[in-house]
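Q: If you scroll down you'll find the structure; I have some questions about it.
The values are calculated or read from the model by the stated rules, or taken from the named source; none is laboratory data. All figures in this text were calculated on a predicted structure; none of them were measured in a lab. Please note: Cβ atoms are built from the backbone with ideal geometry, for glycine as well, and neighbour counts cover all protein chains shown. Side chains included, ligands, DNA and RNA excluded: accessible areas come from the protein's heavy atoms. Shrake-Rupley method; radii C 1.70, N 1.55, O 1.52, S 1.80 Å.
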Amino acid sequence: MKKISAALACVLVCAGPAVAGKPPKPTKPNSNLTITASATAVTFGKSVTISGVAKNIPAGTSVELQQNPYPYAGFKPAGKTAVVDPTGNYSIAGVVPQLHTQYKVIAKTSPPIESGTVFVRVRLRVSFSVSDATPKRGARVRFSGTVAPAHAGKPVLIQKKTASGYKTVARATTTSTSKYSKSLRIKSKGTYRVVAESLDQDHDNGTSRSRTLRVH
């Protein structure tokens, strides 16, 4: 019985870290140094602005941005800084997350003051073009584009708008160069979009802009 109890104790005490990819729990904002992001989710390649309020921190104090991207191995400097302005605010523009990323800032006071955290999710970017936007009835039209960042083997859903929402009408898969292509026979006017499924924990699904095909 003692051996069984020891084994159970090891299971409880010696368990390893959480599964990689699980978003870290947000840290409560520091009352003297807050942090917000201009968006909680962006399409790959787009930027966010990280900003906040610095209370009881002198104007001109340097504020360093730190990031903890997927798989959330720990915070490191993001290579961007700002200074506290005379009104007690700071702002860091042009922050471009490549993966789901957690951010915090550190005010370079003595001792340093650390903010809470914000989490920004990143969607795949999907381009979408058609070989003919005004095809003849019954003609074939090629739907094509790319998915970024580069991923081979990603499922791509070609969807048509219906009265109840978008419905998948065809499927494709990204190539080794992250491109997709699918030929469809078009019988009537319709609005289409493309959805790239991530299937990974580093990005969310991405959706293209819509395109309307007018048959003549």
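Q: Step by step: first the residues of the stretch 155-205, then only those that are buried (at least 17 other Cβ atoms within 10 Å of the Cβ) and β-branched (Val, Ile, Thr), then the one that is nearest to Ser131 (Cα to Cα). Which residue is that?
A: Out of the qualifying residues, it is Ile186.
Q: Hey, can you tell me all the residues within the stretch 160-216 that are aliphatic (A, V, I, L, M) and outside any strand (DSSP E or B)?
A: Ala163, Ile186, Leu199, Val215
Q: On to the next question. Please work out which residue is surrounded by the most Cβ atoms within 10 Å (Cβ to Cβ), limiting yourself to the stretch 23-36 and to residues that are in contact with a Lys or Arg (Cβ under 9 Å, 6 or more places away or on another chain) and at pLDDT 90 or above.
A: Checked the stretch 23-36; the qualifying residue surrounded by the most Cβ atoms within 10 Å (Cβ to Cβ) is Leu33.
Q: Would you point out which residue out of Ala15, Ala20, Ala39 is modelled with pLDDT of 95 or more, closer than 30 Å to Leu199 by Cβ, of a type in the set (Gly, Ala, Ser) and outside any strand (DSSP E or B)?
A: Values: Ala15 fails: modelled with pLDDT of 95 or more; Ala20 fails: modelled with pLDDT of 95 or more.
Just one listed residue meets the conditions, Ala39.
Q: Right, next: Does Arg125 satisfy the condition of being exposed (fewer than 14 other Cβ atoms within 10 Å of the Cβ), over 30 Å from Ser31 (Cα atoms) and at pLDDT 95 or above?
A: Numbers: exposed (fewer than 14 other Cβ atoms within 10 Å of the Cβ): no; over 30 Å from Ser31 (Cα atoms): yes; at pLDDT 95 or above: yes.
Judged against the criteria, Arg125 is not a match.
Q: For the stretch 46-85, give me each residue that is open to solvent by less than 20 Å² (accessible area, probe 1.4 Å) and either in a strand (DSSP E or B) or modelled with pLDDT under 95 (or both).
A: Within the stretch 46-85, Val48, Ile50, Gly52, Ala54, Val63, Leu65, Asn68, Ala82 meet the criteria.
Q: So is Pro97 in a loop (DSSP other than H, G, I, E, B) and closer than 30 Å to Arg209 by Cβ or not?
A: On the way: in a loop (DSSP other than H, G, I, E, B): yes; closer than 30 Å to Arg209 by Cβ: yes.
Yes, satisfied.
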